[in-house]
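Notes follow once the structure below has been shown.
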């Protein structure tokens with residue numbers, strides 16, 4: 001059953017097994033007049049401090065090749081997922097490096113999405129308190145409806 005009300009659906013995924021569930025839900029929402037955009041966000045690479053001695057004034061270094069490889073791997077993943085949306089009018093892919101919540105919200109607004117589909121990370125209790133919930137903070141700030149698929153992948 002396709003919901004024609006949603007013509008521009010942004011789907012936020014990562015490479016976890018739970019994202020397959022998100023993709024399945026998104027595919028059910030697609031009709032021949034639906035544009036789909038897939039986004040994945042990679043957190044910035046932390047500086048490598050292996051072999052660095054701060055007492056000698058040595059600073060951790062960032063290896064740009066690591067970010068480039070992660071970004072290319074993410075883009076390859078999105079390209080494979082994009083091929084599964086055969087009934088969509090058009091499919092776009094966005095691989096970003098940055099704060100996950102901020103990048104998803106920014107892309108949602110820039111692309112003028114009617115609906116955002118994303119998974120929850122399945123955290124609860126103390127883990128949720130410490131790390132926060134990306135899906136919860138996206139829901140609070142999003143300008144469009146957000147469909148959150150539970151993170152339990154059973």
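Using a basic spin-label model with each label point 7 Å from the Cα along Cα→Cβ, how many nm lie between residue 20 and residue 137?
Going from the residue 20 label point to the residue 137 one covers 2.9 nm.
Efficiency by 1/(1 + (r/R0)^6): what FRET value for residue 92 and residue 28, r their Cβ-Cβ distance, R0 = 22 Å, to the nearest 0.05? The partial results should precede the final answer.
On the way: r = 19 Å, r/R0 = 0.87.
E(calc), rounded to 0.05, equals 0.70.
Using the 10 angstrom Cβ neighbour count as an exposure proxy, how do 8, 80 rank, fewest first?
Ascending Cβ contact count within 10 Å gives the list 80, 8.
What's the exposure ranking of 29, 81, going from fewest to most Cβ atoms within 10 Å?
Fewest to most other Cβ atoms nearby, the residues stand as 29, 81.
Rank these for me by crowding, 65, 102, going from fewest to most other beta carbons within 10 Å.
With the fewest neighbours first, 65, 102 line up as 65, 102.
Once you place label points 7 Å from the Cα toward the Cβ at residue 66 and residue 45, how far apart are they in nm?
Result: 0.7 nm between the two label points.
None of the figures in this text is laboratory data; all of them are computed from the coordinates on show. Just so we're clear, the structure is a prediction, and the values are computed from it rather than from any experiment. We place every Cβ from the backbone using ideal geometry, glycine too, and count neighbours over all the protein chains shown.
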